[in-house]
Amino acid sequence: MTAWKSKRKVMQRYDLTAQMYDERYAEEQEAKYKKAFETVKITNGTVLDVGCGSGLFFNLVAVKAQIVVGVDVSRKLLLQAKEHSKSFGNVYVIQADADHLPFVNGFFDDVFVFTVLQNMPKPNETLQELKRVAKQEGSVVVTALKKAFALNAFMDLLEGAGLRVVSFVDDEDLKCYVACCRPLSA
């Protein structure tokens, strides 16, 4: 299956389930957000939420950041994210592919990617793109579903993409690993 066909299937699946997204995933996602915030301290910078879904993360990050941009491939999830963003003056949503982000190099202080990699046909390329849009001194927080990635494979993937892991959570209560990384110099 081509990369685009694979992504299109993901987009269609999330478009179909958008109405029940929060009900289905809110508790699990919020647990990941809390683990991420144990390591990353956002201080009035620029934040990118890749695979923002319905915008659940906005509630936690918008009060700490100067600008928050949420991107997702699902149009219907983005419509929900847009509704969530209305209560904040600093949150913007854009429909985009995580492998081809419409931002200049090194723009974001912090890049968050919750539960996205298993949906990407070439996760290494996705991670390279995330690294590209992060500032050199910024952070890239990535989760990976344990059922989709063995621990060693996930660590190798991060390293291969030029990301240095600075903290890592493998909590048995989470379905994902949570890695906070820094981009390595080119």
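Quick check for me: using +1 on Lys/Arg Cβ and -1 on Asp/Glu Cβ, what's the dipole size of the chain about its Cα centre, in debye to the nearest 20?
The calculation lands at about 460 debye.
Could you work out how far apart the two model spin labels at Lys64 and Lys147 are, taking each label as a point 7 Å from the Cα in the direction of the beta carbon, and quote it in nm?
Simple spin-label model gives 2.9 nm for this pair.
Which entries in the list Lys34/Lys86; Lys5/Lys41; Lys122/Lys175; Lys9/Lys175; Lys64/Lys147 go over 29 Å, if you measure between the two C-alpha atoms of each?
Table pairs above 29 Å Cα-Cα are Lys5/Lys41; Lys64/Lys147.
Lys/Arg Cβ at +1, Asp/Glu Cβ at -1, dipole of the chain taken about the Cα centre: which of Val63, Leu127, Ala153 is farthest positive-ward?
Of the listed residues, the answer is Leu127.
Ignoring ligands, DNA and RNA, what percent of the accessible area of segment 73-186 is carbon or sulfur (1.4 Å)?
Of all accessible area on segment 73-186, carbon and sulfur atoms account for 51 percent.
For segment 90-164 and segment 40-56, write down the distance between their C-alpha centroids in whole Å.
Cα centroid of segment 90-164 versus Cα centroid of segment 40-56: 12 Å apart.
Under the definition of Cα pairs under 8 Å and six or more residues apart, what whole-number percent is the relative contact order of the chain?
On the way: 365 pairs, mean separation 36.6, N = 186.
Here the relative contact order equals 20 percent.
Exposed loop sites here are trypsin sites (Lys or Arg not before Pro) in DSSP loop states with at most 11 other C-beta atoms within 10 Å. What is the longest stretch of the chain lacking them?
Working: sites that count: Lys41, Lys86, Lys147.
Value returned for the longest uninterrupted segment is 87-146.
Positive end of the dipole of the chain, charges at C-beta (+1 Lys, Arg; -1 Asp, Glu), about the Cα centre: which of Ala26, Phe103, Thr2 has its Cα farthest in that direction?
My answer, from the dipole projection, is Thr2.
The values are calculated or read from the model by the stated rules, or taken from the named source; none is laboratory data. What you see is a predicted model; the values in this text were computed from it and never measured. Please note: Cβ atoms are built from the backbone with ideal geometry, for glycine as well, and neighbour counts cover all protein chains shown. Surface areas here come from the heavy atoms of the whole protein model, side chains and all, with no ligands, DNA or RNA. Shrake-Rupley method; radii C 1.70, N 1.55, O 1.52, S 1.80 Å.
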